[in-house]
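Take a look at the structure below.
Any read-out appearing in this document is the output of simple, stated calculations on the displayed coordinates, not a laboratory observation. Everything quoted here is computed from the prediction, not taken from an experiment. Ideal geometry is used to build each Cβ from the backbone, glycine not excepted, and the neighbour counts take in all protein chains shown.
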Amino acid sequence: MTVHRWLPLLALLIAVPSAACSPPRETAASPVSPLVRVAAADRQTAPDLTGEDLDGRPVRLADYRGEVVVLNVWASWCGPCRAEAPELSKAQRELAAEGVQVLGVNMDARRDKGRAFQEEHRLSYPSLHDPASRQLLRLPRGYKAQALPYTLFVDRDGKIAARYLSPLTAADVRTVVRPLLTGRP
């Protein structure tokens, strides 16, 4: 195969990861924003996701009631998940004292794969192991993960306040949680 046949494929491979790593930021008029906020009056209660974390300890979403929860669905084989993991750990460290808790939901079939990812990225937050998506299937209609990474923001009252459909940075997390911490839209 000649070089000129490879150029379109090479251009596509270079362009696609760049776009995925730089999601558009929220704007009022942007139909492509990865952030969807839910008005307080329209929020649905998040189900009490329960199970074991990657180390076999019990974990429940309801244990974090009163805090703003960043519920991040990930898997070790997901490239964008690998990119955002350090950012979520950074957000957890920076915002924990303000009442923010990151809670991962790991989709790996094998717990040891998730645990290795957790150790490699030095995650500073727990992750519920949910390989068959049994817990995630309990989410209300319109909030089930369709792709990874996928993040829901749960307000202090346990209601789903926003969803983010792209890899997050610590700055993105701060932008979404600030109004939830202050109670102002």
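Annotations for the structure displayed:
- Taking segment 163-185 and a reference point 7 angstrom along Cα→Cβ of residue 40, the backbone N atoms nearer than 15 Å belong to 178-185.
- Centre separation in Å (Cα based) which lies between segment 108-185 and segment 54-76: 8 Å
- Once C-alpha pairs closer than 8 Å and six or more residues apart are averaged by separation and normalised to the residue number of segment 26-182, the relative contact order reads 34 percent.
- An oblate overall shape is assigned to segment 86-148, the ratio a/c of its alpha-carbon gyration tensor axes (a ≥ b ≥ c) being 1.5 or greater and a/b not exceeding b/c.
- Rounded if a/c under 1.5, otherwise prolate or oblate - segment 26-182, Cα gyration tensor axes: rounded
- Exposure proxy order (Cβ contacts within 10 Å, fewest to most) of 175, 182, 151, 169: 182, 175, 169, 151
- Whole-number percent relative contact order across segment 85-132, with pairs defined as alpha carbons under 8 Å at least 6 apart: 50 percent
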